[in-house]
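Here is the structure we will look at.
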Amino acid sequence: QEARIREQEKLAVVGQMAAGMAHEIRNPLASVRGFAQLMSEKIGQINSTFKEYMEIMIQEIDQADSFINNFLQLARPKPPAMQQCSLNELITSFARIFESQAFLRGVKLKTDLQEDLPPIIIDRDQIKQVLLNLCQNALQAMDLRGTIILATSHHKEEKEICLSVIDDGPGISPENLDKLGTPFFTTKDKGTGLGLSISYTIVDRHRGRIEVDSKLGEGTRFSIYLPVDQQF
Ligand code: ADP
């Protein structure tokens, strides 16, 4: 019993330290990102190679930021801050930012949004993080070509909204499909194997679920089902 309490205290300290470190790293990163964005806009008008370099810098900063976010979620999960929002709007604003990342890797980003979706009660930042994780995975899986589609649909009977990230990349083998969501499972050289496990946890806390359909050589679809009319 005592050992367990000590273990919990240790975890709390680690979480606290992680949060402090993340704060100290993310603030300067955000500032560098802002200036890189400004430079890319100004310099891009003069020199397209420089613009591309700046955009790669922005992409790398986003990668670091998303790692820190994922790690923080694991070390110190925050209770979701629920608010009513429009999923389509969230996707549209996300797509605007992600589009240039995709474009740089030769991948098209499309949206296929069902109109008149009912509003939904979610933690915007957390669902955006799930979206980013899924899109980054899709982008990294694809070999400098192809299309990612972000789609929404309303399933009235089940009182659910579905948000899908669909790619026409290489797909996932049945053997690896079983391992998705296991912390630290990765097939990438520089992967952390945290993205999906955090995403599953976040969607779980929203009382939703993630389903995966994938076929080798054809592509992968991650579908997030979120409840409508949920009382928290
Ligand atoms: P990481 O991206 O660090 O590897 P994730 O948990 O996000 O960690 O993903 C785990 C693994 O799932 C990846 O290494 C990859 O093998 C596989 N994967 C996830 N999404 C896709 C996708 N859209 N297409 C192909 N493989 C995928």
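Worth a mention:
- Subset of the stretch 156-170 (residues that are under 22 Å from Gln129 (Cα atoms), within 9 Å of the ligand (Cβ to nearest atom) and in a loop (DSSP other than H, G, I, E, B)): Gly169
- Being assigned to a helix (DSSP H, G or I) and more than 7 Å from the ligand (Cβ to nearest atom) is a property that Ile121 lacks.
- Output for the stretch 137-155, where each listed residue is surrounded by 14 or more Cβ atoms within 10 Å (Cβ to Cβ), on the phi < 0 side of the Ramachandran plot and outside any helix (DSSP H, G or I): Met142, Thr147, Ile148, Ile149, Leu150, Ala151, Thr152, Ser153, His154
- Inspection of the stretch 67-74 finds no residue satisfying the criterion of being within 12 Å of the chain's Cα centre (by Cα) and at pLDDT 95 or above.
- Taken over the stretch 16-60, the criterion of being among the β-branched types (Val, Ile, Thr) and assigned to a helix (DSSP H, G or I) is satisfied by Ile25, Val32, Ile43, Thr49, Ile56, Ile58.
- Residue tally, condition surrounded by fewer than 18 Cβ atoms within 10 Å (Cβ to Cβ) and in contact (Cβ under 8 Å) with a residue 12 or more places away in the chain, over the stretch 96-114: 10
- Verdict on Gly217 being of a type in the set (Gly, Ala, Ser), surrounded by fewer than 16 Cβ atoms within 10 Å (Cβ to Cβ) and either more than 9 Å from the ligand (Cβ to nearest atom) or over 25 Å from Phe67 (Cα atoms) (or both): yes
- For the stretch 176-196, filtered to residues that are small (Gly, Ala, Ser) and without any contact (Cβ under 8 Å) to a residue 60 or more places away in the chain, the residue that is farthest from the ligand (Cβ to nearest atom) is Gly181.
- Scanning the stretch 15-43 for residues that are of a type in the set (Ser, Thr, Tyr) and farther than 16 Å from Asp65 by Cβ yields a single hit, Ser40.
- Scanning the stretch 132-155 for residues that are away from the ligand (no atom under 11 Å from the Cβ), in contact with a strand residue (DSSP E or B) (Cβ under 7 Å, 6 or more places away or on another chain) and within 24 Å of Pro170 (Cβ to Cβ) turns up Thr147, Ile149, Leu150, Ala151.
The values are calculated or read from the model by the stated rules, or taken from the named source; none is laboratory data. If you're wondering where the values come from, they're calculated on a predicted model, not measured in any experiment. We place every Cβ from the backbone using ideal geometry, glycine too, and count neighbours over all the protein chains shown.
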